[in-house]
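Structure first, then comments.
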Amino acid sequence: MLPAMPDVRAIFFDMDDTLVDDTGCYQRSIEGVCADLGPPFDAVTLQAAYGAVSTTWWPSGDLMTLRKRLWRQALEACGYDVAHAPRVVERYLHHRVQTVTLLDGVVELLEALQSKYRLGVITNGGGDIQRLRLAHLGLDQYFDAIVASTDVDAGKPDRRIFDHASKLLGVPASETWHVDDSLVSDVTGGAECQSAGSSLVQLPPR
């Protein structure tokens, strides 16, 4: 039985490691890339290199160009041939969609909430791939809005992405909750909206 949430009309969810196991998916995707390309590609080496060059949220613009640039940097750091970058990007995105898994209880929670509240996703991932991942899992049917940092040229913790999501649903911040797992990107940004009365729900660390 869900607790009563007075005055709440909409609930936004972070995506990665809140709805889906993104940490595990990232590791599986790198392993898949290395298996597809074969020696000398090593998953541990490549994961460390890519993690070092992709620590910021995705800006707007040509995502494919950006992805190729980041992967060229990672390949160069590993001493691998940067000519492999387009193939690495293609295989990585494939595995990001195919290996994503739900966290326990997500479907049951969304089904319980869907009839009572408007639901949305706010994610710092690339909008194209994040929507494909949600569709692959069948989660897209539960959400009235899916907002990515690439859609608005602003990523969490920037307040603009939260404001944009609220406007899409036509619900003021004072009547929304945001559910997340990150103190830095989600709570810091969402807290700025608290001046308008919005609320935050942070999940315990895993």
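The values are calculated or read from the model by the stated rules, or taken from the named source; none is laboratory data. Being a predicted model, the structure only gives us computed values, none of them experimental. Cβ coordinates were reconstructed from backbone atoms using ideal geometry, including for glycine residues, and neighbour counts include every protein chain displayed. The accessibility values were calculated without ligands, DNA or RNA, using every heavy atom of the protein model including side chains. Shrake-Rupley method; radii C 1.70, N 1.55, O 1.52, S 1.80 Å.
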Using the basic label-point model (7 angstrom from Cα toward the beta carbon), what is the LEU168 to GLN98 distance in nanometres?
2.8 nm
For the stretch 15-21, in order, what is each residue's ³J(HN,Hα) by Karplus, 6.51 cos²θ - 1.76 cosθ + 1.60 with θ = phi - 60°, in whole Hz (x at glycine and Pro)?
9, 6, 6, 10, 9, 10, 7
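Would you work out the relative contact order for the stretch 18-82, in percent, from Cα pairs under 8 angstrom that are 6 or more residues apart?
Values: 35 pairs, mean separation 18.9, N = 65.
Relative contact order here is 29 percent.
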Multiplying the sequence separation of ARG69 and GLU108 by 0.36 nm and subtracting their Cα-Cα distance, what value in nm do you get?
10.1 nm
Return a whole-number percent for the relative contact order of the stretch 1-121, with Cα pairs under 8 Å and 6 or more residues apart as the contact set.
44 percent
Going Cα to Cα from LYS116, which lysines come in below 20 Å? Please leave out same-chain ones fewer than 8 positions away.
LYS167
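From Cα pairs below 8 angstrom and at least 6 apart in sequence, can you work out the relative contact order of the stretch 57-138, rounded to a whole percent?
Values: 37 pairs, mean separation 29.3, N = 82.
After rounding, I find 36 percent.
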Search the structure for amide H atoms under 5 Å from the amide H of HIS178, placed 1.01 Å from N in the peptide plane, and list their residues when 5 or more places away or on another chain.
PHE12, SER199, LEU200, VAL201
Residue-level accessible surface for HIS84, protein heavy atoms, 1.4 Å, Å²:
70 Å²
Convert each backbone phi in the stretch 140-154 into a coupling constant with the Karplus relation 6.51 cos²θ - 1.76 cosθ + 1.60 (shift: θ = phi - 60°), then list the ³J(HN,Hα) values in order as whole Hz, x for Gly and Pro.
4, 5, 8, 10, 7, 8, 10, 10, 10, 4, 6, 6, 10, 6, 7
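Share of the stretch 1-159's accessible area from carbon and sulfur, percent, 1.4 Å?
On the way: 3870 of 7480 Å².
The nonpolar share, carbon plus sulfur, comes to 52 percent.
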